[in-house]
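Read-outs throughout are calculated quantities, based only on the coordinates presented, and are distinct from any laboratory measurement. Note that this is a predicted model, so its numbers are computed, not measured. Positions of Cβ are backbone-derived with ideal geometry, glycine not excepted, and every protein chain shown enters the neighbour counts.
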Amino acid sequence: RLRAEEEQKKRKLAGGVGFEVMQQPPVKLEPPSGTRDFYPDDYRLQTWLFDKFHAAARASGFELFDAPVLERQELYKRKAGEEITSQMYGFVDGDGEEVTLRPEMTPTLARMALGRAHSQILPLKWYSIPQCWRYEAIQRGRKREHYQWNVDIIGCRSVSAEVELLSTAVFFFKSVGITNADVKIKVNSRKVMGDVLAAAGVPTESFAPVCVILDKLDKIGAEAVEEQLLEVAKLPADVSKRVLAVLACPNLDALRTLAKDSGVSDGEGMKDLESVFELANAYGFGDWLKFDASLVRGLAYYTGVVFEAFDVRGELRAIMGGGRYDRLLSLYGAMTEVPACGFGFGDCVIVELLKERGQLPHLPRNVDVVVAPFSADMQGPAMTVAAGLRAGGARVDLMLEAKKKAGAAFDYANRVGAEYIAFVAPNEFSQGKVRFKDLRVEDEDRKQVDLNLNELDRALDA
Ligand SMILES: Nc1ccc(Br)nc1
């Protein structure tokens, strides 16, 4: 009881008179396992982040699209042993339809591009910030949802598309104060890897599942990867060793030499890979890129250049990842191969990175004006004042109950982060005036202006 009274007193002091909750409420108050609530304080940061995503995509001419979080499971039925398809948050709905909360956005994008194929003029430059889902055994304790900024270009065969994607990602990083001292982007090519691994003895049909296994290298180490290459991908021991040797190539020259020694001529894949670095230099962000022969990414459908942004200190999981997926649209029904590439950029690791760097923005709650009715019968006039100020573009928090003491109105204004407070009192109002105080300065310096009612829509300018 004493604790409850103490809490109540604290709340009263803060001006926010809350309410008591039962020790054992009849409903759980936390969100489902692995999911997040975004209270207003949290959502101001999420909005800040999404605004940066929107700004970077808009700066490069990408168009925003969206789609239902619910998709048919058939969109993700790939047999390459990917985690993303084995952890679908799926169910059978009332119509007997096998559906799922989408685990990723690219298949939806492909479905939508095909759905309007006859009317789309290529290239499509589309982006979205979908919430994506996975269902994991609770003991892993990992999150089951995240928001993932997706940026994609459909219809461009040239690696200039990959470079445009990388440019958009770098634009975002710079917009949040991240430099290439904090983050770099690994680049590789599945086309080159495919040629070299085929020469090393990896059957074409095993290439995608082998990439899914190789993608685990950083997480489970070479021994465990080699074991999976033997047990899961059924590769002979000598081939598995050759595969790992390819990934150990320290640079592009070493990979080129290894390719040549394996009888793989310098094909389109290597030329594309080199073009990525050349064009990135032309774009001014070549110093953000780093060739990495061990980069394969974990999605089966990548077919060409792949890339992944990582924190240079190596303390965090991948920040962003993407690549070319030229065969996905024909897999879903396009009569010809439709070139495509894109990336996914999660909302969590980037926030961890900014937090660690002390670069999260300070985003206090704020409004322009609190309008405070002097008494209950001034509530109507206070609404008139609020409407006038809003007509001029002001963000107005109208107090919905008059406070007996002016101090309580000032406390409320401070709590909501108001820059000004407008008192609506009977005497001034009867003379067509409102008492306006500037809260941004200390009490003694506070200007007090009596505003005419018919000037309210220009009040803030004044
Ligand atoms: N695909 C996926 C979905 C949700 C989360 Br959290 N991570 C990955």
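Worth pointing out:
- Among residues of segment 372-396 that are free of Cβ contacts under 8 Å to residues at least 60 places away in the same chain and among the acidic types (Asp, Glu), those with a beta-carbon under 9 Å from a residue that is assigned to a loop (DSSP other than H, G, I, E, B) and surrounded by fewer than 21 Cβ atoms within 10 Å (Cβ to Cβ) at least six positions away or on a different chain give the pairs Asp377/Ala402.
- Pairs with Cβ under 9 Å, 6+ apart, first in segment 414-432 and within 16 Å of Leu456 (Cβ to Cβ) and in contact (Cβ under 8 Å) with a residue 60 or more places away in the chain, second surrounded by fewer than 16 Cβ atoms within 10 Å (Cβ to Cβ) and not charged (D, E, K, R): none
- Those residues of segment 25-64 which are in a loop (DSSP other than H, G, I, E, B) and either within 16 Å of the ligand (Cβ to nearest atom) or surrounded by 13 or more Cβ atoms within 10 Å (Cβ to Cβ) (or both), in sequence order: Pro31, Pro32, Ser33, Gly34, Thr35, Arg36, Asp37, Phe38, Ser60, Phe62
- Qualifying residue in segment 289-298 (condition: hydroxyl-bearing (Ser, Thr, Tyr) and either within 16 Å of the ligand (Cβ to nearest atom) or touching a residue at least 60 places away in the same chain (Cβ under 8 Å) (or both)): yes
- Whichever residue in segment 82-100 is more than 15 Å from the ligand (Cβ to nearest atom) and in contact (Cβ under 8 Å) with a residue 24 or more places away in the chain and, among such residues, is surrounded by the most Cβ atoms within 10 Å (Cβ to Cβ): Val99
- Of the residues making up segment 349-356, not a single one is touching a Ser or Thr at 6+ places or on another chain (Cβ under 7 Å), within 16 Å of the ligand (Cβ to nearest atom) and either among the acidic types (Asp, Glu) or not in a loop (DSSP other than H, G, I, E, B) (or both).
- Of the candidates Ser119, Ser160, the single residue that is closer than 25 Å to Ala55 by Cβ and among the small types (Gly, Ala, Ser) is Ser160.
- Residue in segment 112-154 that is surrounded by the most Cβ atoms within 10 Å (Cβ to Cβ), counting only those that are within 16 Å of the ligand (Cβ to nearest atom), of a type in the set (Lys, Arg) and touching a residue at least 12 places away in the same chain (Cβ under 8 Å): Arg134
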